[in-house]
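These notes concern the structure reproduced below.
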Amino acid sequence: MQHLIGRDKGWFSVKTGKVVERPVCDDPIGLLVAEGEPKWYGPIDYPLDSRGSWYIRPVFVPHWETSEDSAKVMQYSARWLCFARITDQAISLHWRGFSHADSADSALRHNSQFHYWERIPTLFEEVEDLANARVSFINLHNLILHRLWDRYRDNPSYEWLDRRIRAESGGVALSAHAGTVVEFEVAGIRRLAYTIRSSIERELETKYNLKLPDPENLDEVILRTLLREFGALSYEFSLENEGDDKLFRAHNYFGLKPETTSPDSFPHSRIFTTWRDDLGQLDFLLRHLGANDAGGYTQDTLF
C-alpha cells in the first residue's frame with residue numbers, strides 16, 4: 001500500500017480553502033486483493049508525507065482490446081485508480097493516464113487518451129462532500145504566468161525555459177480559423193515575437209531614424225504579452241536554479257473553458273516525474289500561492 005501511494009502519478013489538480021474532516025472510509029487493503037467497488041478507501045498514512053492523508057477511488061472503465069489468446073477484439077473492465085490527498089487547507093487529486101479504446105473500431109485503429117476530464121470534477125465533489133470541505137480551484141493561470149513568472153523569469157539565478165503552448169487563436173501565424181486549438185513549440189511564438197520586433201525596428205529606423213535601445217528586451221516584452229494575453233489555454237515550462245536543482249516542469253492546463261467537456265474545463269497539471277516527484281512539484285506550487293491564486297484564501301501551510 002505504501003508503494004502504491006508513493007508511485008509517481010504524473011497528473012494532479014488541487015483545490016484550496018477549508019477542510020473540516022478527514023473522513024474514515026473503507027479499508028484500502030482490500031484493493032490489493034480484489035478489484036474493489038466504486039467508492040473511496042482510506043485514510044492511508046504515508047510516512048514521507050506527514051501533513052496529508054491519502055485516499056484511493058477505483059473507477060471502472062469499459063475498455064476494448066485484442067485478447068491475448070485470440071485475434072478477437074473484446075470488451076474488458078479497466079480499473080483506473082484516482083488518489084486524493086487531504087490536508088486541513090487543500091484537497092488534491094492525483095492520477096495516471098492510459099491509452100483507452102472506447103469501442104471495438106477504435107481498438108483496431110489506435111487508442112486515444114483516457115478522458116479523465118469527464119471524471120475528475122465528479123470525484124472532487126465526492127471528496128469534498130466526505131471531507132465537509134469548502135474549497136475552490138487555484139487560479140493556475142495567475143500563479144504560473146504572473147506570480148511565478150514575475151519572481152523567476154528574469155532572475156539570473158534561475159533558468160526558465162518555455163517549452164509548449166496551446167492557444168485557441170490558431171497558431172504562430174495567427175491565421176487559422178477561429179475556435180481551433182493548436183499546440184506548438186514556444187520556439188515558434190518566440191520567432192513571432194522576434195519578427196514583430198524586427199518589423200517595428202525597421203519602421204523606426206526607416207521613417208524616424210530611431211534605434212531601439214534594447215531589442216532583446218522588447219522581444220521578451222512581446223513574448224510575455226503573447227503568452228499571457230493571447231488566449232493560452234495551456235502552457236508547458238521548466239524551472240531550475242543555478243545549482244541544477246530541478247524545481248518544476250509541467251504542462252499546465254488553466255481551466256479557462258469550464259463550460260466544455262475537455263481538458264480545458266478545470267485547472268490541472270501534467271508533471272514530468274523524471275524532473276521531480278509529484279509531492280515535490282505540488283509543494284512548489286502551493287508554497288507560491290497568493291490571495292489571487294487561491295480564490296481569496298491564503299495560507300502559508302497549505303502543503
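The values are calculated or read from the model by the stated rules, or taken from the named source; none is laboratory data. Here the structure is a predicted model, which is why all the values come from computation and not from measurement. Methodologically, a virtual Cβ is constructed for each residue, glycine included, from the backbone with ideal geometry; neighbour enumeration extends over all protein chains shown.
Can you spot a residue in segment 62-78 that is closer than 24 Å to residue 131 by Cβ and touching a residue at least 24 places away in the same chain (Cβ under 8 Å)? It would help to see each step written out before you state the result.
Of all residues in segment 62-78, those closer than 24 Å to residue 131 by Cβ come to none.
Within segment 62-78, not a single residue is closer than 24 Å to residue 131 by Cβ and touching a residue at least 24 places away in the same chain (Cβ under 8 Å).
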Could you list, in sequence order, all residues of segment 220-239 that are in contact with a Lys or Arg (Cβ under 9 Å, 6 or more places away or on another chain) and surrounded by fewer than 18 Cβ atoms within 10 Å (Cβ to Cβ)? 220, 221, 224, 238
Assuming residue 20 fulfils every condition listed in (1) surrounded by fewer than 17 Cβ atoms within 10 Å (Cβ to Cβ); (2) free of Cβ contacts under 8 Å to residues at least 24 places away in the same chain apart from one, which condition is it? (2)
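Which of the residues belonging to segment 126-143 are closer than 21 Å to residue 251 by Cα and in contact with a Ser or Thr (Cβ under 9 Å, 6 or more places away or on another chain)?
Within segment 126-143, the first condition is being closer than 21 Å to residue 251 by Cα, and the residues that meet it are 136-143.
Within segment 126-143, 136, 137, 138, 140 qualify.
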Do we find that residue 247 is under 23 Å from the mean Cα position of the chain (by Cα) and either exposed (fewer than 14 other Cβ atoms within 10 Å of the Cβ) or not basic (Lys, Arg) (or both) in this structure? yes
Would you mind listing the strands (runs of 3 or more DSSP E) fully within segment 1-74 where at least 2 residues are of a type in the set (Gly, Ala, Ser)? 11-19, 49-66
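For segment 258-275, state whether one or more residues are in a loop (DSSP other than H, G, I, E, B) and touching a Ser or Thr at 6+ places or on another chain (Cβ under 6 Å). Write out each step before concluding.
Here is the first cut: in segment 258-275, the residues in a loop (DSSP other than H, G, I, E, B) are 258-262, 266, 272-275.
Subsequent filtering for residues that are touching a Ser or Thr at 6+ places or on another chain (Cβ under 6 Å) retains 258.
Scanning segment 258-275 turns up at least one residue that is in a loop (DSSP other than H, G, I, E, B) and touching a Ser or Thr at 6+ places or on another chain (Cβ under 6 Å).
Sort out which residues of segment 96-120 are in a helix (DSSP H, G or I) and modelled with pLDDT of 75 or more, and write them in order of number. Steps first, please.
Residues of segment 96-120 in a helix (DSSP H, G or I): 104-109, 116-118, 120.
Of everything in segment 96-120, those that are in a helix (DSSP H, G or I) and modelled with pLDDT of 75 or more turn out to be 116, 117, 118, 120.
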Qualifying positions in segment 242-257 - farther than 22 Å from residue 164 by Cβ and not in a loop (DSSP other than H, G, I, E, B): none
I'm checking my understanding of the structure. Among residues of segment 124-162 that are under 19 Å from the mean Cα position of the chain (by Cα) and more than 25 Å from residue 89 (Cα to Cα), which one is surrounded by the fewest Cβ atoms within 10 Å (Cβ to Cβ)? 161
Residue that is farther than 12 Å from residue 85 by Cβ, among the β-branched types (Val, Ile, Thr) and modelled with pLDDT of 90 or more, where the choices are 44, 56, 29, 5: 29
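Any residue at all in segment 151-163 that is part of a helix (DSSP H, G or I) and outside the structural domain of residue 54 (by TED's automatic domain parsing)?
Step one: filter segment 151-163 for residues part of a helix (DSSP H, G or I), giving 151-152.
From what is left, the residues that are outside the structural domain of residue 54 (by TED's automatic domain parsing) are 151-152.
The answer is yes; a qualifying residue exists.
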